[in-house]
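**Q** Below is a structure I'd like to ask you about.
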Amino acid sequence: MNVFRLTGDLSHLLAIIILLIKIWKTRSCAGISGKSQILFALVFTTRYLDLFTTFISIYNTSMKVVYMACAYATLWMIYHKFKATYDGNNDTFRVEFLVVPIGGLSVLVNHDFSLLEILWTFSIYLESVAILPQLFLVSKTGEAETITSHYLFALGLYRALYLLNWIWRYYFEGFFDLIAIVAGVVQTILYCDFFYLYVTKVLKGKKLSLPA
């Protein structure tokens with residue numbers, strides 16, 4: 001554990017809490033991509049199957065349980081509790097074009113050809129692009145609410161901090177995971193335009209909009 005991983009985890013948790021509070025307080029899922037949330041739930045499910053086989057620490061176990069519980073709570077609100085407010089007409093990203101190739105890549109490129117390792121690798125690859133349906137939705141509708149922008153920023157910050165965590169671990173622990181680092185770089189790049197718009201617009205009180 002180092003400061004970059006800890007703050008990255010907290011930023012990730014903050015993003016999830018922001019999203020849950022946004023949906024619950026407004027009683028609306030407007031502007032939220034249910035497809036991105038399905039992908040994130042799939043990421044957590046396939047990554048944290050080691051909950052049943054490996055114990056690392058109370059912190060590690062607690063965070064995994066919280067992430068999974070929040071992911072499925074979000075899906076419950078989007079597709080059941082506040083289903084009437086979900087913008088399914090614009091949330092049209094074809095997620096199968098992500099899941100199927102990533103599934104194949106996970107089988108071909110992994111650290112160890114075992115079920116848990118392949119599923120972990122799948123979760124790493126999938127997380128790097130899971131935000132695409134959300135960014136596609138924002139681009140299609142032309143703008144994002146301020147609270148949704150805060151959620152996206154906190155989520156992108158989490159990944160950027162995790163890149164610093166990998167750098168720290170390489171220099172101070174000699175640990176290097178090429179799969180996680182490459183996936184993290186891809187994910188951070190996807191947020192670059194959003195980061196710029198967030199700083200230049202949202203923090204100045206303007207409404208964020210992305211080019212279609």
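The values are calculated or read from the model by the stated rules, or taken from the named source; none is laboratory data. Keep in mind the model is a prediction, meaning the values are calculated, not measured. All Cβ positions, glycine included, derive from the backbone under ideal geometry; neighbour counts span all protein chains shown. Note: accessible area is taken over every heavy atom of the protein model, side chains too, but ligands, DNA and RNA are not part of it. Shrake-Rupley method; radii C 1.70, N 1.55, O 1.52, S 1.80 Å.
**Q** If you go through region 23-37 one residue at a time, how many are open to solvent by less than 30 Å² (accessible area, probe 1.4 Å) and farther than 11 Å from M77 by Cβ?
**A** Qualifying residue count for the region: 2.
**Q** So, in region 61-102, of the ones that are touching a residue at least 12 places away in the same chain (Cβ under 8 Å) and among the aromatic types (F, W, Y), which residue ends up nearest to I23 (Cα to Cα)?
**A** F82
**Q** Working carefully through the options L39, L51, find the one that is in a helix (DSSP H, G or I) and more than 21 Å from Y191 (Cα to Cα).
**A** Going through L39, L51 in turn, just one is in a helix (DSSP H, G or I) and more than 21 Å from Y191 (Cα to Cα): L51.
**Q** What single numbered condition from (1) in contact with a helix residue (DSSP H, G or I) (Cβ under 9 Å, 6 or more places away or on another chain); (2) open to solvent by 50 Å² or more (accessible area, probe 1.4 Å) fails to hold for H80?
**A** With (1) in contact with a helix residue (DSSP H, G or I) (Cβ under 9 Å, 6 or more places away or on another chain); (2) open to solvent by 50 Å² or more (accessible area, probe 1.4 Å) applied to H80, the lone miss is (1).
**Q** Scan region 110-117 and tell me whether some residue there is of a type in the set (A, V, I, L, M, F, W, C), at pLDDT 95 or above and surrounded by 15 or more Cβ atoms within 10 Å (Cβ to Cβ).
**A** no
**Q** Of all residues in region 154-186, which are in contact with an Asp or Glu (Cβ under 8 Å, 6 or more places away or on another chain) and within 17 Å of T121 (Cα to Cα)? Can you show your working first?
**A** Of all residues in region 154-186, those in contact with an Asp or Glu (Cβ under 8 Å, 6 or more places away or on another chain) come to 158, 166, 183.
Hits for region 154-186 are W166, A183.
**Q** Just to be sure I understand the filter: pairs with C-beta atoms under 9 Å, separated by 6 or more residues or on different chains, first member in region 178-191 and free of Cβ contacts under 8 Å to residues at least 40 places away in the same chain, second member open to solvent by 60 Å² or more (accessible area, probe 1.4 Å). Which pairs pass?
**A** Correct list of pairs: I181/I167; I181/Y170.
**Q** Next question. Is it the case that F97 is touching a Cys at 6+ places or on another chain (Cβ under 7 Å) and surrounded by fewer than 21 Cβ atoms within 10 Å (Cβ to Cβ)?
**A** On the way: touching a Cys at 6+ places or on another chain (Cβ under 7 Å): no; surrounded by fewer than 21 Cβ atoms within 10 Å (Cβ to Cβ): yes.
For F97, the condition - touching a Cys at 6+ places or on another chain (Cβ under 7 Å) and surrounded by fewer than 21 Cβ atoms within 10 Å (Cβ to Cβ) - is not met.
**Q** For residues in region 118-147 being buried (at least 22 other Cβ atoms within 10 Å of the Cβ) and modelled with pLDDT under 85, which is farthest from T45 (Cα to Cα)?
**A** Once the filter is applied, the top-ranked residue is A144.
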